[in-house]
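J.: Please read through the structure below; I'll follow up with questions.
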Amino acid sequence: MPLHPLIGHRTARERLAQAVQGNRLPQVLLLSGAAGVGKQRLALWLAQLVLCEKKGKEPCGTCRPCHLVAGLSHPDVHWLVPIPRPKASDLDKQVEEAAQAIAQVMEERRAEPLYQPADGMASHSLASVRLLQRRAALTSVEGGPRVFIIGEADRLIAQESSQEAANALLKVLEEPPAGSLFLLTTVEARRLLPTMRSRAAPLRLGRLTDADVSGFLQAHLRPALPAQELGRRVSLAEGSIGCALNAADEAGKAQQAAQQWLEAVLAGPGPSLERALRQPPWSARGEFTAMLDAVTETLGEAARSTLGQPVRRPVPQALLRYRDPGRLLRAMEHVADAREAAWGNVNPQILLAVLSEDLAEVL
Ligand SMILES: [Zn+2]
């Protein structure tokens, strides 16, 4: 099954096409933007554009290279995705394991292009970077440009105790081989090491319009959603096709955690403290801040409902009984403070316990 069409990002596409035509496309690009807006899809579009035989402002979609890229089988397009950490003890064997794991992901994406986000523990280990280095050292199979896409590049550091993987990747990015293009993607550019960021030209991708998300779901989601569910998904997705596709994705999980935690806070100090301490250690800081964001959104939704607006996401019943938004807005301020503190080196459990108390006072 070929890739679904790229949706939106018209300004970015135009800028990239102009750069390609003017022969001034940077060799290393960092695409950043919210999860599920199509960063890796745009990277594949750019791969198609530089390899397309027609050399237009958009890939023609019909020539051989275009077909190969869309089928994820172009020999000069290498898409590195986060994978479970290889288990072999020897690095050479780990590289083989990484190559096989990535090949398998590609096989799955060929069969089902609307893929789920990578598992939270998947990463780019040193083995993946060595694999990239080896492939980068080879010559072009088709004689044209070569494109290396590193999806979720920030997952390089998080689970790598040594600096080796980062240093190895830096080396490649410092002196990219002639005729090669490196496209890194990340939700937030600041999650990458400054040394790595400084090697890449940044390109920030915005959220899609609701009309784009809705149009995509209608065209590609089978079975089709009933109109009401479609509207709800589009509104919750906030311009992210990835979010809209996967109701049980990160945003969904964060939303659920936020809902449960707010209910515990409303149930009194005992349950909320117990809930905060029962919270397993967060596997990633991103998950914790995502939950705080979901708490803010839920409180905001409750505040809107006091003004007679329809409720678009699950909100604890107790919050829907409020007559004026004042207390809810004060609660949102407390969450905003906690959100800021979460960037520092703070224990999320303690932060949550303190926030429970603050919220219990105002709600
Ligand atoms: Zn083409």
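J.: What about E142, is it among the charged types (D, E, K, R) and more than 26 Å from C52 (Cα to Cα)?
T.: no
J.: Continuing with the same structure: List every residue pair whose Cβ atoms lie under 9 Å apart, where the two residues are 6 or more positions apart in sequence or sit on different chains, the first residue falls within segment 59-75 and is of a type in the set (S, T, N, Q), and the second residue, located anywhere, is in a loop (DSSP other than H, G, I, E, B) and within 10 Å of the ligand (Cβ to nearest atom).
T.: What qualifies is T62/K54.
J.: Which residues, taken from segment 87-116, are closer than 24 Å to Q218 by Cβ and not acidic (D, E)?
T.: R109, R110, A111, P113, L114, Y115, Q116
J.: Which members of segment 25-71 meet the condition of being within 16 Å of the ligand (Cβ to nearest atom), surrounded by 19 or more Cβ atoms within 10 Å (Cβ to Cβ) and assigned to a loop (DSSP other than H, G, I, E, B)?
T.: Residues satisfying the conditions are C52, P59.
J.: Another question, then. Run down L29, L80 and say which single residue is within 19 Å of E108 (Cα to Cα) and not polar (S, T, N, Q).
T.: L80
J.: May I pose another question? Cβ-Cβ below 7 Å, separation at least six or inter-chain, first residue in segment 199-210 and in contact (Cβ under 8 Å) with a residue 60 or more places away in the chain and among the hydrophobic types (A, V, I, L, M, F, W, C), second part of a loop (DSSP other than H, G, I, E, B) and surrounded by fewer than 21 Cβ atoms within 10 Å (Cβ to Cβ): which pairs?
T.: A201/P26; L208/I7; L208/G239
J.: List the helices (runs of 4 or more DSSP H) inside segment 136-243, counting only whole elements, that have at least 3 residues being modelled with pLDDT of 90 or more. Step through it out loud before you land on a result.
T.: Numbers: elements: 164-174, 194-197, 210-220, 227-237.
Qualifying helices (runs of 4 or more DSSP H): 164-174, 210-220.
J.: If you don't mind, another one. Which residue pairs have Cβ atoms under 7 Å apart, sit 6 or more places apart or on different chains, and have a first residue in segment 319-343 that is outside any helix (DSSP H, G or I) and a second that is modelled with pLDDT under 90 and among the β-branched types (V, I, T)?
T.: Once the first residue is outside any helix (DSSP H, G or I) and sits in segment 319-343, its partners that are modelled with pLDDT under 90 and among the β-branched types (V, I, T) give A342/T289.
J.: When only residues in segment 72-84 that are surrounded by 15 or more Cβ atoms within 10 Å (Cβ to Cβ) and not β-branched (V, I, T) count, which is nearest to the ligand (Cβ to nearest atom)?
T.: H74
The values are calculated or read from the model by the stated rules, or taken from the named source; none is laboratory data. Predicted model only: the values in this text are computed from it and were never measured. Note that we place each Cβ from the backbone using ideal geometry, even for glycine, and neighbour counts take in every protein chain shown.
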